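Below is one structure, written out as structure tokens, with a few remarks after it.
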Amino acid sequence: MMKDHIKFLNQLKELVSNKYHGKIVYVSISGSDLYGFRSEDSDTDYRGSFMVKTNVLLGLFNQTETLEFETYKKNGEVENEAVLHELEKELNLVLVGNCNILENLFATPLLTSPIHKELQELALGYWNIKGIYGSYRGMAYENYKKFILNGKHTVKKYLYIIRALMSGIYALENNVIEPNIQKLNESYKNETVAELIDLKIRGQEKDPVNRMDRYDKVCDELFEKIDNVYEKVSASRISNYDYSGVSNWLKEKRIEYLDL
């Protein structure tokens, strides 16, 4: 519920305002909440963007591209974690098709602004399928190589791989970002994936799987599918854009946020 987030969001807004004389562009929920497999011990991950006051940006010590902020439980564990990129960095990551940024950008926002909506429009207008494909597939493969090939065959690790591949395939097929694996599986109807989701939600995310051959098969099939879908759609999509309009847009936002 929104009231559960209010205190943390107010702290975040105060930090941006006091430290950078800036403003929040948007904040949304990321992590297991966004992916559709939150369990009881999951912390809350916030992601988004902020904008530094142009007067501050033009002065000294203005190189902050990313803001990180955490709060902790009484036992010292992280309770809330926020990572916000400054507008220019956020925009660059959108344009290269970074899947993590696009998922956050199109998630239901807790805080929003007119610039947030304009960023969404820019993302759709400069839809980088090569970047989206490479980002999703790369994330899945790095997790597969790092964990599965090194013997860490847990429910959580398989889910991260499968979710990334399914989200990538869906984005390429539909030009829509959908990070929630439960919603994705409504389209793809994979019983093995449904089984993994159920195990994760029941708190068995760190348990070793006992049907590894089935989960490996799903991964192999999805790696093959995302490659085939990308090959099919890339032939009919323009990927060489003129970014001068985007540059002008950013300049306009900077000028609007300048006190003379």
- Message: Out of everything in segment 222-260 that is surrounded by 12 or more Cβ atoms within 10 Å (Cβ to Cβ) and charged (D, E, K, R), what residue ends up being farthest from His21 (Cα to Cα)?
- Response: Lys225
- Query: Which of the following residues is buried (at least 22 other Cβ atoms within 10 Å of the Cβ), over 17 Å from the mean Cα position of the chain (by Cα), within 30 Å of Tyr241 (Cβ to Cβ) and of a type in the set (Val, Ile, Thr): Val94, Val52?
  - Reply: Val52
- Message: Checking the structure you have, find out if any residue of segment 34-48 is modelled with pLDDT of 95 or more and under 25 Å from Glu256 (Cβ atoms).
- Response: yes
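Counting just the residues of segment 128-158 that are part of a loop (DSSP other than H, G, I, E, B) and surrounded by fewer than 19 Cβ atoms within 10 Å (Cβ to Cβ), which one comes out nearest to the chain's Cα centre (by Cα)?
Start the filter on segment 128-158 by keeping residues that are part of a loop (DSSP other than H, G, I, E, B), which leaves 128, 147, 151-153.
Next cut, surrounded by fewer than 19 Cβ atoms within 10 Å (Cβ to Cβ) only: 147, 151-153.
On the way: Phe147: 21, Gly151: 27, Lys152: 24, His153: 24 Å.
Of everything passing the filter in segment 128-158, Phe147 is nearest to the chain's Cα centre (by Cα).
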- Task: Among residues belonging to segment 25-39 that are in contact with a helix residue (DSSP H, G or I) (Cβ under 7 Å, 6 or more places away or on another chain) and of a type outside the set (Gly, Ala, Ser), point out the one that is surrounded by the most Cβ atoms within 10 Å (Cβ to Cβ).
- Result: Val25
- Query: Which one of these is out of contact with any helix residue (DSSP H, G or I) (no Cβ under 6 Å at 6 or more places or on another chain), modelled with pLDDT of 90 or more and either of a type in the set (Ser, Thr, Tyr) or outside the structural domain of Glu121 (by TED's automatic domain parsing) (or both): Lys183, Lys206?
  - Reply: Lys183
- Query: Of all residues in segment 99-121, how many are out of contact with any Phe, Trp or Tyr (no Cβ under 7 Å at 6 or more places or on another chain) and of a type outside the set (D, E, K, R)?
  - Reply: 12
- Out of all the residues in segment 163-195, which are buried (at least 16 other Cβ atoms within 10 Å of the Cβ), under 13 Å from Ser32 (Cβ atoms) and out of contact with any Pro (no Cβ under 8 Å at 6 or more places or on another chain)? Pro179, Asn180, Ile181
- Item | All positions within segment 166-219 that are in a loop (DSSP other than H, G, I, E, B) and in contact with a Phe, Trp or Tyr (Cβ under 9 Å, 6 or more places away or on another chain) | Asn175, Val176, Ile177, Glu178, Pro179, Asn180, Glu205, Val209
- Message: Condition first: buried (at least 16 other Cβ atoms within 10 Å of the Cβ) and in contact with a Pro (Cβ under 7 Å, 6 or more places away or on another chain). Can you find one or more residues in segment 63-73 that meet it?
- Response: no
- Pairing a residue in segment 225-244 that is among the charged types (D, E, K, R) with any residue that is surrounded by 13 or more Cβ atoms within 10 Å (Cβ to Cβ), where Cβ atoms lie under 6 Å and the two sit 6 or more apart in sequence or on different chains, gives Lys225/Ile169; Arg237/Ile129
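Kindly indicate the residue of segment 220-260 that is assigned to a loop (DSSP other than H, G, I, E, B) and not hydroxyl-bearing (Ser, Thr, Tyr) and also modelled with the lowest pLDDT among those meeting that condition. Step through it out loud before you land on a result.
Here is the first cut: in segment 220-260, the residues assigned to a loop (DSSP other than H, G, I, E, B) are 235-243, 257-260.
Retained after the next criterion (residues that are not hydroxyl-bearing (Ser, Thr, Tyr)): 235, 237-238, 240, 242, 258-260.
Numbers: Ala235: 82, Arg237: 73, Ile238: 63, Asn240: 74, Asp242: 89, Leu258: 93, Asp259: 86, Leu260: 73.
Selected residue: Ile238.
The values are calculated or read from the model by the stated rules, or taken from the named source; none is laboratory data. What you see is a predicted model; the values in this text were computed from it and never measured. Here the Cβ is made from the backbone with ideal geometry for all residues, glycine too, and neighbour counts use every protein chain on show.
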